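Taken together, the values in this text are just the output of simple stated rules run on the coordinates, not laboratory data. Bear in mind the structure is a predicted one, so any value in this text is a computation, not a measurement. As a convention, Cβ positions derive from the backbone with ideal geometry for all residues, glycine included, and neighbour counts pool all protein chains shown.
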Amino acid sequence: MKFFPVLLGSYLIGSIPFSYLFPKLKGHDPRGGGTGNVGATNSLIVAGPLAGVLALIGDIAKGFLAVQLARYFNFSDAGIALCGLAVILGHDFSVFLRFSGGKGVAATTGVMLALNPFFTLILILLWALCLIIFRRFIPSTVAVLCFMPLLMWLTSWRAEFIAFGAAAALLSVYTHRLDLQRFLRGEELTIQQSFAKYLKK
């Protein structure tokens, strides 16, 4: 009987729009500035470093908390994986933002950090390597998230968590679909161009 309330709670935790709230405290709406995304990076762009860092911490904490709640109630691996997925869905499709939201990267990071901190560090290092290769944020992020379930399988994770990784990867492709289309058209900005465009002030 505890499972569905906690699953719903995980979604609602994910729905807390830190990347909207912190910029709003400074009088900015991230949906109307920068990239238009309700995420930590855009919080930094529209409201400055403090708002960006606080939003990032909040979004990561959401994912971490959902897993810890599931563990507290002694859920099975499948239950933990579903709560992790629910918190990402809440972040991407927040009930408080009319079912819009961010792209789920920080929330996914929080879930993975709770599941396995060392594995998460490996993913971050792979992301840094992809940044060096692609020199673009979006393809690097999506590439690592899509590789994540394969790496989980190669390192003998349980099937429930591999399925979670695959679902998180698919969600990432969906939420980044417009960015990926720009990348395929050769219109996605490099890291240097992004900083020059969005942080020039």
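Tabulated results
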{"read-out": "Using θ = phi - 60° and Karplus 6.51 cos²θ - 1.76 cosθ + 1.60, couplings along the stretch 97-113 (whole Hz; Gly, Pro as x)", "value": "10, 6, 6, 10, x, x, 10, x, 5, 5, 5, 4, 4, x, 4, 5, 4"}
{"read-out": "Sequence of Met112, Met148 once ranked by neighbouring C-beta atoms within 10 Å, starting from the fewest", "value": "Met148, Met112"}
{"read-out": "Ascending count of other beta-carbon atoms within 10 Å, so fewest first, for Ser19, Ser100, Ser10", "value": "Ser100, Ser10, Ser19"}
{"read-out": "Pairwise centroid distance, computed over Cα atoms, of the stretch 60-129 with the stretch 166-185, Å", "value": "18 Å"}
{"read-out": "Amide proton proximity set for Ser100, modelled H, under 5 Å, gap of 5+", "value": "Ser94"}
{"read-out": "Estimated dipole of the chain in Debye, rounded to 20 [Cβ of Lys and Arg +1, of Asp and Glu -1, Cα centre]", "value": "500 debye"}
{"read-out": "Cα→Cβ-extended label distance, 7 Å offset, between Leu151 and Leu129, nm", "value": "0.8 nm"}
{"read-out": "Range of Cα positions in the stretch 1-58 per principal axis (Å), largest first", "value": "43, 19, 16"}
{"read-out": "For Tyr20, Tyr174, order by how many other beta-carbon atoms lie within 10 Å, fewest first", "value": "Tyr174, Tyr20"}
{"read-out": "In the chain, lysine pairs with alpha-carbon atoms under 28 angstrom apart (chain gap of 8 or more, or interchain)", "value": "15"}
{"read-out": "Three principal axis lengths of the chain [C-alpha, angstrom, descending]", "value": "50, 38, 26"}
